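The values are calculated or read from the model by the stated rules, or taken from the named source; none is laboratory data. Since the structure is predicted, the reported quantities are computational estimates derived from the model, not experimental observations. No Cβ is skipped: glycine too gets one built from the backbone with ideal geometry, and neighbour counts run over all protein chains shown. To get the accessible areas, we keep the full protein, side chains included, count just its heavy atoms, and leave off ligands, DNA and RNA. Shrake-Rupley method; radii C 1.70, N 1.55, O 1.52, S 1.80 Å.
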Amino acid sequence: MIISLMYHDVYSTSPSESGLASDLYKIKIEEFEEQIIRLKKIEEKTPGSIILTFDDGGSSFYTPISHILDKYNLKGYFFVATKYINSPGFLTDEQIVNLDKRGHVVGSHSHSHPENLSTFSIEEIQNEWSSSLSILERILKHKVTVASIPNGYQSKNVLESARIANITTLFTSKPTTKEVNYKGMKLIGRYVVLNDMSTDEVLSFVFSRNKRALLWGKWLTLNVVKLFLGNKYEIVKQKVFK
């Protein structure tokens, strides 16, 4: 069994230091390192059992996140919303190249990080994926075939557009360990880490089947009710997944 964890930004003083995510998803550096130390011990006992992913492309991907991962000989999947590259609080071209050279995986998180990618036309979705991949490939000088869906809004058009863009592995926000094959493209679910979670709670994603089942039930419920919530869905989602 493989557990994929979804992080966003890590900060030393203020959540506003890096990225565009809500403060709910931003973790203090001390708490992050504590989690990594504990996760490393699990990884040593069962190599390949944990995947660490990071969404949005904030500058904290480089410092401190990648340096903490290197310290404990772990690798991360860093998903970048390419519109924000070289902007204040986000990764630079040079940092993206450096992450790649050090063995971390750099992937797409769409171009503009729309609130709900699934509401776009299929042509607009295709442009989000293709523009992001083109920018990353220009920077890295090699193909990029890994991506994650911004805000977790998955639909048939989102998946089909990613597949057409030659993405081979797509990380979702479904809280599941089950990998799904979508027409040759691998779909991998993730468990989101929030700023008010203790290290023990984060590790419960790994050790507790009941915890994972609870999150799966919450996710299914939200996917039913979000049809009726409109713009209030994100507020409710943040409360439910605490």
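Things to note:
- Averaging the sequence gap over all C-alpha pairs within less than 8 Å and six or more residues apart, then dividing by the number of residues, gives region 1-86 a relative contact order of 35 percent.
- Estimated vicinal HN-Hα couplings, Hz - region 140-155 in sequence order (Karplus 6.51, -1.76, 1.60; Gly, Pro = x): 8, 6, 7, 5, 10, 10, 10, 8, 9, 7, x, 6, x, 7, 9, 8
- For the chain, the carbon plus sulfur part of the accessible surface works out to 53%, probe radius 1.4 Å.
- Label corresponding to volume of the Cα convex hull per residue in Å³ when calculated from the structure given, among (1) 118; (2) 148; (3) 171: (1)
- Between SER208 and SER87, the simple label model (points 7 Å from Cα in the Cβ direction) yields a spacing of 3.7 nm.
- Among the listed pairs LYS186/LYS218; LYS174/LYS218; LYS178/LYS218; LYS71/LYS101; LYS41/LYS186, those beyond 21 Å (Cα-Cα): LYS186/LYS218; LYS41/LYS186
- Sites matching GluC sites (Glu not before Pro) across region 155-220 that sit in DSSP coil, with at most 16 neighbouring C-beta atoms within 10 Å: GLU179
- Label-point separation, ILE29 to LYS178 (7 Å along Cα→Cβ), nm: 4.1
- Note on SER198 and ILE2: with the Förster distance fixed at 30 Å, the Cβ-Cβ geometry gives a FRET efficiency of about 0.85.
- If the chain linking LYS45 and THR221 were pulled fully straight, counting 0.36 nm for each residue of separation and taking away their Cα-Cα distance, it would gain 59.9 nm.
- Zone of GLU94's modelled label, taken as backbone nitrogen in region 63-80 under 19 Å from a point 7 Å along Cα→Cβ: 63-67
- Separation of the LYS101 and LYS143 label points, Cα + 7 Å toward Cβ, nm: 2.4
- Average accessible area per residue (Å²) across the chain - probe 1.4 Å, nucleic acids and ligands excluded: 46
- FRET efficiency estimate (nearest 0.05) - Cβ-Cβ, LYS186 to SER130, R0 22 angstrom: 0.70
- Helix-only [θ]222 nm of the chain, DSSP H runs n ≥ 4, -39500 (n - 2.57) each, per residue, nearest 500: -12500 deg cm²/dmol
- A probe of 1.4 angstrom, applied to the heavy atoms of all protein chains, finds ARG102 with accessible area near 60 square angstrom.
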